[in-house]
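K.L.:
Before we start, here is the structure in question, set down as structure tokens.
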């Protein structure tokens, strides 16, 4: 039976700033809450546990202020992270579809798993439903709102507070049940915590109105942009390899844009985002989407603006005194 696990986390951080923060664990999970829904949106159960912190044993004042928790709660009622998370995955079940509000909870859960040297049980690639994104697509023209705002807009406010894990998970589940299941079904989100290790693990997804490709790790951006799998533009509707009308260009060294045309489906605009792994290594996320004549003009205009800016910068360098 298809089930959805909607979960939310609360975490603590160093109360003394980044200088005293553990690099591999900037946020230590102190609470997890989840609800389980069936395919018709009926709630099947709840999961809620506190976790006793081992790394940041003093509660950051902002965390205490927002969640109304204190260290006495966590020390007296919290359990070991490994025990809690093992129970959580057992409760969720192997076939669970995970849902969150935004992407950070999945990142921090996996980061905590790594810190405690636990096996990561999520499938790879990990596809999940980002309810914040889905709500924005259906109600806010793609804008991302806070959970509080979405709940108020949908008139879902209950006597439950916000900013505790179980309550936020419950509200997220309520928002999810108000979304048209058929409309949102194709719009999976991809978790980027575990990057494809080789060409076989690279991710290709096609959505109703765009496609997405997540690359393996490259030694540098320059090397990546010479790879055909990165630079090719293929129509996601007919799989035809396309000739470019505007070759890939970048206005800022972080994002590349391109334009191609499919004889059957028209203009296709491309966007490549450069994602850092460390100081030199990168992976790339490429999206391709059909666009109009106006959209094609915007790409050309953007390229011309980037060319002028580059020329201006080069002239400025030449005019600098030796």
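A short reminder: the numbers here are calculations on the coordinates, not readings from a lab. Owing to the predicted nature of the structure, the values given are computational and were not obtained by experimental measurement. Don't worry about glycine lacking a Cβ; one is built from the backbone with ideal geometry, like all the others, and counts go over all protein chains shown.
K.L.:
Which three lengths, in whole Å and largest first, does segment 196-313 cover when its Cα atoms are put on their principal axes?
P.N.:
41, 38, 19
K.L.:
Can you tell me, using C-alpha contacts under 8 Å and at least 6 residues apart, the relative contact order of segment 158-261 as a whole percent?
P.N.:
For segment 158-261, the relative contact order is 12 percent.
K.L.:
Now for a different question. As a test of the definition: which semi-axes, in Å, follow for segment 121-262 when you take the square root of five times each eigenvalue of its alpha carbon gyration tensor? Largest first, please.
P.N.:
Ellipsoid semi-axes (Å, largest first): 35, 18, 15.
K.L.:
Which whole-number percentage describes the relative contact order of the chain, with Cα contacts under 8 Å and a sequence gap of 6 or more?
P.N.:
13
K.L.:
Any chance you could get the radius of gyration and Dmax over the Cα atoms of segment 23-96, in Å?
P.N.:
So, for segment 23-96, Rg and Dmax equal 14.4, 42 Å respectively.
K.L.:
With a cut-off of 8 Å between alpha carbons and a minimum separation of six or more residues, what is the relative contact order of segment 196-313 in percent?
P.N.:
Result for segment 196-313 is 24 percent.
K.L.:
Roughly how tilted is helix 293-319, in degrees to the nearest 10 and between 0 and 90, from the longest Cα axis of the chain?
P.N.:
Long axis of 293-319 versus the principal axis of the chain: about 80 degrees.
K.L.:
Give me 184, 29, 6, 299 sorted ascending by neighbouring Cβ count inside 10 Å, so fewest comes first.
P.N.:
184, 299, 29, 6
K.L.:
Please give the FRET efficiency for residue 77 paired with residue 149, using the beta carbon to beta carbon distance and R0 = 35 Å, rounded to the nearest 0.05.
P.N.:
Calculated value: 0.70.
K.L.:
For residue 292 and residue 220, calculate 0.36 nm times their separation in residues minus their Cα-Cα distance, and state this gained length in nm to one decimal.
P.N.:
22.6 nm
K.L.:
Right, something else. Given the convex hull over the Cα atoms of segment 117-195, what projected area results after averaging over all orientations, in nm²?
P.N.:
Mean orientational projected area (segment 117-195, Cα hull): 6.6 nm².
K.L.:
Report, in degrees rounded to the nearest 10, the 0 to 90 angle that the Cα long axis of helix 104-115 makes with the longest principal axis of the chain.
P.N.:
70
K.L.:
While we're on this one: Restricting things to alpha carbons, find the Rg to Rh ratio for segment 252-322 using the Kirkwood radius for Rh.
P.N.:
Radius of gyration relative to Kirkwood radius: 1.12.
K.L.:
OK, next. Can you show me the helix-derived [θ] at 222 nm for the chain, built from DSSP H runs with n ≥ 4 at -39,500 (n - 2.57) apiece and divided by the number of residues, rounded to the nearest 500.
P.N.:
-9500 deg cm²/dmol
K.L.:
Once the chain is represented by equal point scatterers at the alpha-carbon sites, with solvent omitted, what log10 I(q)/I(0) does the Debye formula produce at q = 0.13 Å⁻¹?
P.N.:
The Cα Debye sum returns log10 ratios of -1.09.
K.L.:
Now for a separate question. Pulled fully out, how much extra length does the chain show between residue 227 and residue 62, if you take 0.36 nm times their separation in residues and subtract their Cα-Cα distance?
P.N.:
Length gained between residue 227 and residue 62: 54.8 nm.
K.L.:
To continue, here is another question. If you stretched the chain out fully between residue 162 and residue 246, how much longer would it get, using 0.36 nm times the residue separation minus the C-alpha to C-alpha distance?
P.N.:
25.5 nm
K.L.:
Here's something else I'd like to know. If we count other beta carbons within 10 Å of each Cβ, what is the order of 188, 101, fewest first?
P.N.:
188, 101
K.L.:
So what is the diffusion coefficient of segment 1-132 in µm² per second by Stokes-Einstein at 37 °C and 0.692 mPa s, using a Kirkwood Rh over Cα pairs?
P.N.:
For the chosen part, D equals 212 µm²/s.
K.L.:
Between the helical axis of 165-177 and the dominant principal axis of the chain, each derived from Cα atoms, what acute angle in degrees is found, rounded to the nearest 10?
P.N.:
In the chain, helix 165-177 runs at an angle near 50 degrees to the longest axis.
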